[in-house]
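Worksheet: the structure to be examined is printed underneath.
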Amino acid sequence: MAASLTKLCLRAAESSTIAPTKVKSMTASAVLAMCGIVKMAEVTVAAQRTSLADCQERVTLCVRALLDPAAQELLKKILLTDGRERFAEFLKITKEKELKEAKKDSEEKNQTISTQADDLIHFRQLKSMAVSGGDLDLDDGADLARATGYDSAGALSSELSHVYQLSGFADPVYAEALVTVHDYDIVLEILVMNRTPNTLANLTVELATMGDMKIVERPQSYNLGPLDQMTIRASIKVSSTETGHIFGTIVYDDAASHEKCYVNLNDIHMDIMDYIRPATCTDEAFRSMWAEFEWENKVAISTSITSLLEFLNHIVSSTNMSCLTPFDSKAEKGSFLAANLYARSVFGEDALVNVSVEKKDDNDGKLAGYIRIRSKTQGIALSLGDRITSVQRGLLEQPKQ
């Protein structure tokens, strides 16, 4: 409203058909209305005062554009001409984005069906113990991959990135785990190797979790021969999107010494990125959720990247989110960038991110600003903040080429 009143007064001053006294009267009425807006914002309830500082600064700028001749000379072209040009570019980019998304949706609809409705899916928890170690277990990953349409679930490169070493090479029992995440379920395939010449009786992998995770299928006890190896499976249920830890101990009886031995295992850190999926929403829905969500995490920007668009693309790819703010990816204009990012977890939880970054000339061209994360639950806000912080620290540690 303040910007509209300011533009009306400036255009009236340029018109030759409006008397100067009328222009002064319009200017005084506009300034009085702007002061009333600021006063009303100051006395309103605290829940609606989150943007008071920004609103007050914007209204003050409009008042100066009307009352200060020097400020009016600097801001007149920006308010009357440049703003309209930028808005036209914004509409053009938005139109191109809508056409691209419509084309993508039509292509997805024309794709062939990857899974039939009557295809069988084997559930490990519903099988009898007699067949839990049989060939049917080998098909679980393939069945889930076909059901979700995820073709690269069994790719070797994807599997190797989720292999965790649980014990050391000098331990009597070496163990490593392959972690497979299927939305609500986590399947652990633990490879156990007996590095001693003795038989290990009643070998059990005792697991425990930290976070909103629950073990639904605990490993059984086995007898492991000398220098033998075997694969032990365990299933964990996940109920919310947050960073979790899996830790445990290998317990066994040494047949030679008749002693109970313990091997402590390294922790398995579950990344929140396994549960985050890019999604889209309208600007109105984003603003509504931003005002509603109570958990916020504010992360200061500290990176070696000097390009605004490059930094934004890096954050989008690192957090597995989608950018809702349209921008021209071909050219970088200005020294300030603000963008909204959005994602939804597999549990239906929303994650909102606002990136406000500025290139400061007095700081050797380095980027400065803040990334604000909001969500309905504390786990997403904290985990996404840790993820962004670790990504930025990783960039700082990279050597210059």
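Here are a few things to note about the model shown:
- Selected residue (criterion: modelled with the lowest pLDDT) from residues of segment 192-232 that are of a type outside the set (D, E, K, R), within 32 Å of the chain's Cα centre (by Cα) and surrounded by 14 or more Cβ atoms within 10 Å (Cβ to Cβ): 211
- In this entry, residue 351 passes the filter for residues that are in contact with a Lys or Arg (Cβ under 8 Å, 6 or more places away or on another chain) and either farther than 21 Å from residue 368 by Cα or of a type in the set (Ser, Thr, Tyr) (or both).
- Taking first residues from segment 195-222 that are on the phi > 0 side of the Ramachandran plot and partners that are surrounded by 14 or more Cβ atoms within 10 Å (Cβ to Cβ) and in a strand (DSSP E or B), the Cβ contacts under 7 Å between residues at least 6 apart in sequence or on separate chains come to 202/252; 202/253; 211/244.
- Annotation for segment 171-182: no member residue is farther than 25 Å from residue 380 by Cα, exposed (fewer than 15 other Cβ atoms within 10 Å of the Cβ), out of contact with any helix residue (DSSP H, G or I) (no Cβ under 8 Å at 6 or more places or on another chain) and among the charged types (D, E, K, R).
- Matching residues, segment 163-185, being within 16 Å of residue 233 (Cα to Cα) and in contact (Cβ under 8 Å) with a residue 24 or more places away in the chain: 164, 165, 166, 175, 177, 179, 180, 181, 182, 185
- The residues of segment 206-226 that are touching a strand residue (DSSP E or B) at 6+ places or on another chain (Cβ under 6 Å) and farther than 18 Å from residue 269 by Cβ, listed by number, are 206, 216, 217, 219, 221, 222, 223, 224.
The values are calculated or read from the model by the stated rules, or taken from the named source; none is laboratory data. Please read all numbers here as calculations on a predicted model, not as lab measurements. Here the Cβ is made from the backbone with ideal geometry for all residues, glycine too, and neighbour counts use every protein chain on show.
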